[in-house]
Structure formats: C-alpha cells, structure tokens
Amino acid sequence: MKQIDVNSPACIGAGMCTAAAPAVFDLGEDGLVVLNDPSGDVPDGMAESVDNAIAVCPAQAIRWRE
C-alpha cells in the first residue's frame, strides 16, 4: 500500500488537497492539513487523487513516503 507524509507546519491551509482527495485529507481545527488515516496509508484507487493533491499544494507540504 502506498503511503504519504504531510508537513503540517509548512501547510498554509489553502485546502486544495481536501478538494482533490477528500477521502485522504482534511483540515484540522487549526486550519492545517491532516490525514484522515494518521498512518499515512492511501486507500486503494486514491493514488491519482493524491498525485493531484500533491501537484496543487501551494506549500508543497505533501509527498509520497519513500
């Protein structure tokens, strides 16, 4: 299973990731990105949506885990 990491301190709260992949990302109470699954696991079939979220993130706060 593919996994992702988010750098919440780098996040500017634009919410582009939540629009691109709402099953994977949300905004926390502080307005910064959080993962719906804290383990970083990406649900099957969501890799393309996550790729889109990574591409549109203005802060480049999301990346695939190596």
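The values are calculated or read from the model by the stated rules, or taken from the named source; none is laboratory data. Note that the coordinates shown come from a computational prediction; the quantities given were computed from them, not determined experimentally. Cβ sites come from the backbone with ideal geometry, for glycine too, and all protein chains shown count toward neighbours. Each accessible area value is taken on the protein alone, full model and side chains, heavy atoms only, with ligands, DNA and RNA left out. Shrake-Rupley method; radii C 1.70, N 1.55, O 1.52, S 1.80 Å.
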(request) Determine the pairs where a residue that is at negative phi and assigned to a strand (DSSP E or B), located within the stretch 22-49, has a partner that is among the charged types (D, E, K, R) and open to solvent by 80 Å² or more (accessible area, probe 1.4 Å) with Cβ atoms under 9 Å apart, the partner being 6 or more residues away or on another chain. (result) 41/2
(request) Test residue 5 against the criterion of being touching a strand residue (DSSP E or B) at 6+ places or on another chain (Cβ under 9 Å) and part of a strand (DSSP E or B), and give yes or no. (result) yes
